[in-house]
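Take a look at the structure set out below.
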Amino acid sequence: MLERARTAWRALGRPERGVLAAFAIALAVGFTWGLPNSNTWAVDSISPRSCGLGAIVETYWPGHFHTYPPLHMALLTLLSLPWIALAALRAGPSVDALGDELIKPLYMTGIEISARALAAAMALGLVWNTMRWWTRIQGRPAGVGAGIVTATNATLVYYAHTGNLEVPYLFWATWALVEMDRVMSGEPREHHALLFSAAAVLSKDQSAAALLLPLPFALVIVPWFARRASPTRRRLLGAIGIGALFYGLVSGAIVNPQGFRRRVAFLLGPASQTWAGYPRGLHGASLLLGDALRGIPHFTSGPLAVTAVAGIAVAMGSGRVVDRARSALPLLAAVSFTLLFTLSARRSEDRFLLPQTLFVLPYAAVAVGSAWLAWPRARLVTGALATACVVPALIGAASMDATLVVDSRYDAERFLASLPPMSRVEIYGTSVFLPRMPPALRVTRPGVEAVADRQRIPGVTELVDPSMDPRSRSPDVIVLATAL
């Protein structure tokens, strides 16, 4: 695997290497955000707690299930094993003692660093997938431009700093889409397309929404029209069987069917509809789409988004039918995700719009590249357009890095560190929103829920207080941190 990565790197040209190197620098800035810590500051991250405490076992335990699919969690669990072994050596064989030891900052920080390193590697792989995909579709200038557009996506930069599942599933999904394009070009890559698609879904279920329309389009419809390749050809049927078997085994559907059914019921019920933010029907959809358009600056720049729309027309306005179909595949993936997930889940958080931006915004590179070639005398104007597109997006990505570096919780930590030793501090909220507590303070966390239902913080005394009234305890300082 390492030798293959070296070979791929040597095969890259200087522009592609430059894009990846610049993106790597963006990922290095703020890499230690919130560390060392007994938890992470990234909401909905599966590291370090879920993987570090072996929650993947739930997927295969009869009748049990875990919220997230197991593939990425399995990778993180493997990376966590040295830290788990070290904690076991110190704590002994008791499961409770191991749990108490493992949540200490030493182990959790090591586990979190490995998770972020893997996310950064997959983010670089995602940009690489994007460049080779668009190079195949529209040529090398478009491929390099697509890489620049993707590397300056501020939301992608954020998630590449975390143990969340957004980067892993999009890494596998973009790789699957590259393989679909190869099938559309006539290469026998059906097995690869379906295995990488399964890997995406096994990393995060919602990736299926981005792939459900592209898969039949790329593997059945386009090959049939282009060269009358049978929809029931042996190679495709074999690939479907292997992909289904891979998914069934890894997901637990074969070895733990009851738990798998319970998990699917959870995903289609409380996990999706509880958090819906818009009403059902056309009115809710229009509100969601309006918020999505207003959220474009969270990902890129307005000029780049407008140029991407022009790029769609350019990409599909000429050429053979097969070439236009290949150029339509990124747009189809974006439409598929929007119809099958975003509008169904009725949510418009940035992470639920990230796939569309990664698939659609690179069309801007097509528009700029076409203008550059079509109007040689106007290249100064074309260069100015490219600059107007990219610079605001680049500033947004840099601002994201700066936000991590100057997180306001660092200011709170400096204030807490200035308090006299043994000062009484009460904290309200979960560890993912809280600053780290200096060990010299006496820290209490009251709450209405049972202590067993909380995610523990080392060195913090847990207290059940139905009234949530701190006056009886008279703390010196109260730290309040919530999601809002």
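The values are calculated or read from the model by the stated rules, or taken from the named source; none is laboratory data. As the structure is a prediction and not an experimental result, all values here were calculated from the model. So basically every Cβ, Gly included, is an ideal-geometry build from the backbone, and we count neighbours across all protein chains shown. Heavy atoms of the whole protein, side chains included, go into the accessibility calculation; ligands, DNA and RNA do not. Shrake-Rupley method; radii C 1.70, N 1.55, O 1.52, S 1.80 Å.
Results, tabulated for the structure shown:
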quantity: Using alpha-carbon coordinates, inclination of helix 302-315 to the longest axis of the chain, degrees; calculated: 40 degrees
quantity: Convex hull volume per residue in cubic angstrom - Cα atoms of the range 192-343; calculated: 146 Å³
quantity: Over the range 280-366, volume per residue of the alpha carbon convex hull, in Å³; calculated: 91 Å³
quantity: Charge dipole magnitude, Cβ of K and R +1, D and E -1 - the range 1-147, Cα centre, debye nearest 20; calculated: 920 debye
quantity: 222 nm mean residue ellipticity, helices alone, for the chain (DSSP H n ≥ 4; -39,500 (n - 2.57); rounded to 500); calculated: -19000 deg cm²/dmol
quantity: Square roots of 5 times each gyration tensor eigenvalue, C-alpha, the range 402-446, largest first, Å; calculated: 20, 14, 6
quantity: Unit charges at the beta carbon, dipole of the range 385-484: most positive-side option, 421, 393, 438; calculated: 421
quantity: Unit charges on C-beta of K, R, D, E only; dipole of the range 149-258, Debye; calculated: 460 debye
quantity: Dipole of the chain [Lys/Arg +1, Asp/Glu -1 at C-beta], most positive-end residue of 31, 382, 200; calculated: 382
quantity: The range 238-307-the range 333-388 distance, computed between alpha-carbon centres (Å); calculated: 21 Å
quantity: Residues residue 90 and residue 408, FRET efficiency given R0 of 25 Å [Cβ-Cβ distance, rounded to 0.05]; calculated: 0.15
quantity: Shape metrics for the range 100-185, restricted to C-alpha atoms - Rg then Dmax, Å; calculated: 15.9, 55
quantity: Approximate shape of the range 270-416 as ellipsoid semi-axes (Cα gyration tensor, √5λ), whole Å, largest first; calculated: 32, 25, 11
quantity: Stokes-Einstein D in µm²/s, Kirkwood radius over Cα pairs - the range 226-279 at 4 °C with 1.567 mPa s viscosity; calculated: 93 µm²/s
quantity: Percent accessible area from carbon and sulfur atoms, the chain, protein chains only, probe 1.4 Å; calculated: 68 percent
quantity: Sum of side-chain charges, residue 66 neighbourhood, beta-carbon under 13 Å (Lys, Arg +1; Asp, Glu -1); calculated: +2
quantity: Whole-Å semi-axes of the range 47-154's equivalent ellipsoid (Cα gyration tensor); calculated: 38, 16, 9
quantity: q = 0.18, 0.21, 0.22 Å⁻¹: log10 I(q)/I(0) that the Debye formula gives for the range 424-484, counting C-alpha atoms only; calculated: -0.59, -0.83, -0.91
quantity: Rotationally averaged projected area of the chain (alpha carbon convex hull; nm²); calculated: 26.3 nm²
quantity: log₁₀ of I(q)/I(0) at q = 0.10, 0.11, 0.13 Å⁻¹ - the range 327-484, Debye sum with one point per alpha carbon; calculated: -0.66, -0.72, -0.82
